[in-house]
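Below is one structure, written out as structure tokens; comments come after it.
The values are calculated or read from the model by the stated rules, or taken from the named source; none is laboratory data. Keep in mind the model is a prediction, meaning the values are calculated, not measured. We place every Cβ from the backbone using ideal geometry, glycine too, and count neighbours over all the protein chains shown. Remember, those area values only see protein heavy atoms, side chains included, never the ligands or the DNA or RNA. Shrake-Rupley method; radii C 1.70, N 1.55, O 1.52, S 1.80 Å.
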Amino acid sequence: MSQQTKPSANPGSSALSQSIAELLAGIRIPDLPYPVGQVEPGQAKDWRPLLQSCWSEQRDESVTSLLKSLELTWTVRQVNSAFLADRVMDAFLATSGLHPVLAAKVARLRFFLAWRLDQDCDAAFADSLRDWLDSLVEWRGWSDSGGRSARALLDQLEQMVVSVSACFEYGQMAPFEDFASQWDVDSQKRQEQITKLRQRLLVTEQGAARQRRADQTSRAVIGRALQGRQLPPPISEFIREHWCPLVRQVVWRNGIEGDDWKHASKLLEWLVWIGDPTLSERSLDRLYQVGEQIGDRILAVWQRVQERPLPQHALAGVEAVIVSRLRGETPALAPALDERFEFDLSWLGFQPPQEDQLTQVIQQWFVEGEGASEQRRYFFALLEDTCEVLWTNGSGVKLGLMPWRDFMAARQAGRLRPLPPLNRFQDVAGKTVTQLLGVFQQQRQQREKAACEARERAEMLRRKVEAAEARKREELAAREAERARAEAEEAAKRQAEEEAERERVERELTAAAQHAIDNLKLGGWIAIEPTPDHPEAVRLKLAVRLNATRKLVFVDRLGLNRTEYPEDDLVTDIVAGRIRVLSSSAEFDDTLSRVVGRIRVGRN
């Protein structure tokens, strides 16, 4: 595996921090223990000791389930921090391709992340934390095998537990940053070691594959030639003991395409043909020719291929069989192969994979099994000589070999599955925050819509109240106007009645006064009532009545101080009470009393 490149800083980190701040303050998730109303500063629970305790115990539960299990008052920011930490870690571990055991250990960082989000959302996804989580990609091939490399990673994770506990204790990121720095150094050393180990492994396995190809191919070609045949034991023994190693050397040196391979294969066919009477009993002339040439040709091929000479008596048995056959004798026959000789004919016909097929799978991780028992293996190389897959683990140690055809069959059957592509923590966090931000925007739009509808309902209610009050005022004004109109009408009516009554009274008084004057005889007396200018009453006696001018002439007791009164003026003064007719005063007073009585009755 190549050295993993450290991801660069996210250029949109400020926008991401702003989005996280909006989520922590505004989003609402159903079934979470949000506070009822505003939480006072003294009511907020300090959750750092609780989260530190859960981290030290390496608990596997989510932060939100922890908050819901406790009957305590949490702030909105704490609840949303817990939810966001759970959501981000679950999304990252679901797509990281890590082994379930390793993923479960890393998932416990949710307690640390929740505390960081609540404390400082701008620095929650710190470079050290983000880069360390992204560096776990080099452990995608880790399996819980119990081996040395597996235990080495678990030991490093124990150091991570200690560093995070120190972060909780001191309230800062420095301990984890020190751990991440040391992790980086160890990772570089490990990658260099793995690269060297795999290079040596590849050279060793390629040599072994070449040797294995030669051995299996030689056994396969010999087995195919001898399978099911009855041959003289000397020929069978020569083929198994001498010719099989020669064929193996031919394949190891030049493969199955050179002249040596063709000659060795042809000589093998001749040996079988000579030894099997069913093949050669009717061709004695050809048997003679083959028998004459085969020894020299075997020696020629042997000398070209093998570095050591053919043993001196190796061909003696073969030559004896040839001579016996030429004499017409039937040699003793026996099965050409015994049970100890194993071979596989598939080695003669396997085909290398196509280039595009190999490109898709080479140097990729595959997983076999399910859950915690799954095992991961790395397709390091394809051994071309044997068409076998060379499997290694994450530390460059050989896990085994698998024929290409078995590899393809396992993939088609679903026993081998490729690990999903790498998803960086930074990308997963950004995508998760973006998705939640969309949910928050919808919630905010719904709140704004609800608030707008509430304002509209309040405005409609206000308008209804105002309209009702306006109608009430209008009705009250109408009633007041009606009452004022009725009062005005009543006052006008009363005034008219009073005016009519006054006029009637005035007419009656005028008539009574006129009657008193008409009945006043010469010598009759009148009295002028006192005034501010004349404080004493003055009595006058009628002396003359001038009918032509309707004037009355009065004098005092001595007959002096002649005073004239027009009759109308005298009536007016009598009605006004300034003058009284003494001779008929009683009658006039009675008339006046009757008039006043009628006025009172009318008013009541």
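The set of residues in the stretch 104-121 that are in contact (Cβ under 8 Å) with a residue 60 or more places away in the chain and open to solvent by less than 20 Å² (accessible area, probe 1.4 Å) comprises 111, 112, 114, 115, 117, 121. Filtering the stretch 122-142 to residues that are more than 12 Å from residue 426 (Cα to Cα), open to solvent by 10 Å² or more (accessible area, probe 1.4 Å) and of a type outside the set (Phe, Trp, Tyr) leaves 122, 123, 137, 138, 140. Within the stretch 41-49, identify whether any single residue is open to solvent by 10 Å² or more (accessible area, probe 1.4 Å) and at pLDDT 85 or above, and answer yes or no. Looking for residues that are open to solvent by 10 Å² or more (accessible area, probe 1.4 Å) and at pLDDT 85 or above, one finds at least one in the stretch 41-49, hence yes.
Report, by residue number, each residue of the stretch 460-474 that is of a type in the set (Asp, Glu) and either open to solvent by 100 Å² or more (accessible area, probe 1.4 Å) or under 30 Å from residue 574 (Cβ atoms) (or both).
Within the stretch 460-474, 474 is the sole residue that qualifies.
Please go through the stretch 143-157 and pick out each residue that is out of contact with any helix residue (DSSP H, G or I) (no Cβ under 9 Å at 6 or more places or on another chain), open to solvent by less than 50 Å² (accessible area, probe 1.4 Å) and part of a loop (DSSP other than H, G, I, E, B). Correct list: 146, 147.
Contact map, the stretch 495-509: residues that are in a helix (DSSP H, G or I) paired with residues that are at pLDDT 80 or above, Cβ distance under 6 Å, separation 6+ or inter-chain. Pairs shown: 509/575. If only residues of the stretch 282-302 that are closer than 21 Å to residue 262 by Cβ and aliphatic (A, V, I, L, M) are counted, the one that is surrounded by the fewest Cβ atoms within 10 Å (Cβ to Cβ) is 300. Here the condition is being among the charged types (D, E, K, R) and over 30 Å from residue 27 (Cα atoms); of 487, 448, 459, it holds for 487 alone.
Give the residues of the stretch 252-281 that are of a type in the set (S, T, N, Q) and open to solvent by less than 40 Å² (accessible area, probe 1.4 Å), sorted by residue number. Correct list: 265, 280. Taken as a whole, the stretch 493-505 holds at least one residue that is exposed (fewer than 12 other Cβ atoms within 10 Å of the Cβ) and either of a type in the set (Gly, Ala, Ser) or in contact with a Pro (Cβ under 7 Å, 6 or more places away or on another chain) (or both). If you check 446, 426 for being open to solvent by 100 Å² or more (accessible area, probe 1.4 Å) and under 38 Å from the mean Cα position of the chain (by Cα), only one passes: 446. Checking each residue in the stretch 84-103 for being touching a residue at least 40 places away in the same chain (Cβ under 8 Å) and over 22 Å from residue 156 (Cα atoms) picks out 84, 87, 88, 91, 95. For residue 488, the requirement of being within 30 Å of residue 568 (Cβ to Cβ) and either in a helix (DSSP H, G or I) or open to solvent by 90 Å² or more (accessible area, probe 1.4 Å) (or both) is not met. In the set (1) of a type outside the set (Asp, Glu); (2) closer than 24 Å to residue 342 by Cβ; (3) assigned to a loop (DSSP other than H, G, I, E, B), the condition left unmet by residue 310 is number (2). Of 59, 28, all but one fail to be open to solvent by 40 Å² or more (accessible area, probe 1.4 Å), under 27 Å from residue 438 (Cβ atoms) and in a loop (DSSP other than H, G, I, E, B); the exception is 28.
Of all residues in the stretch 331-342, those satisfying the criterion of being modelled with pLDDT under 85 and open to solvent by 80 Å² or more (accessible area, probe 1.4 Å) are 339, 340.
Taking helices (runs of 4 or more DSSP H) as the structural unit, those lying wholly within the stretch 158-266 and holding at least 2 residues that are among the hydroxyl-bearing types (Ser, Thr, Tyr) correspond to 174-226. In the set (1) buried (at least 20 other Cβ atoms within 10 Å of the Cβ); (2) on the phi > 0 side of the Ramachandran plot, residue 79 fails one condition alone, (2).
In the condition set (1) under 60 Å from the mean Cα position of the chain (by Cα); (2) open to solvent by less than 60 Å² (accessible area, probe 1.4 Å), residue 345 is compliant with all but (2). Comparison of 229, 286, 308 shows that the only residue that is touching a residue at least 40 places away in the same chain (Cβ under 8 Å) and basic (Lys, Arg) is 229.
Going residue by residue through the stretch 58-71, is there one that turns out to be in contact with a Cys (Cβ under 9 Å, 6 or more places away or on another chain), aliphatic (A, V, I, L, M) and under 26 Å from residue 131 (Cα atoms)? Yes, the stretch 58-71 contains a residue that is in contact with a Cys (Cβ under 9 Å, 6 or more places away or on another chain), aliphatic (A, V, I, L, M) and under 26 Å from residue 131 (Cα atoms). When the stretch 124-151 is filtered for residues that are closer than 23 Å to residue 56 by Cβ and of a type in the set (A, V, I, L, M), the ones remaining, listed by number, are 124, 126, 129, 133, 136. For residue 213, the conditions (1) open to solvent by less than 50 Å² (accessible area, probe 1.4 Å); (2) touching a Lys or Arg at 6+ places or on another chain (Cβ under 9 Å); (3) among the charged types (D, E, K, R) are fulfilled apart from (2).
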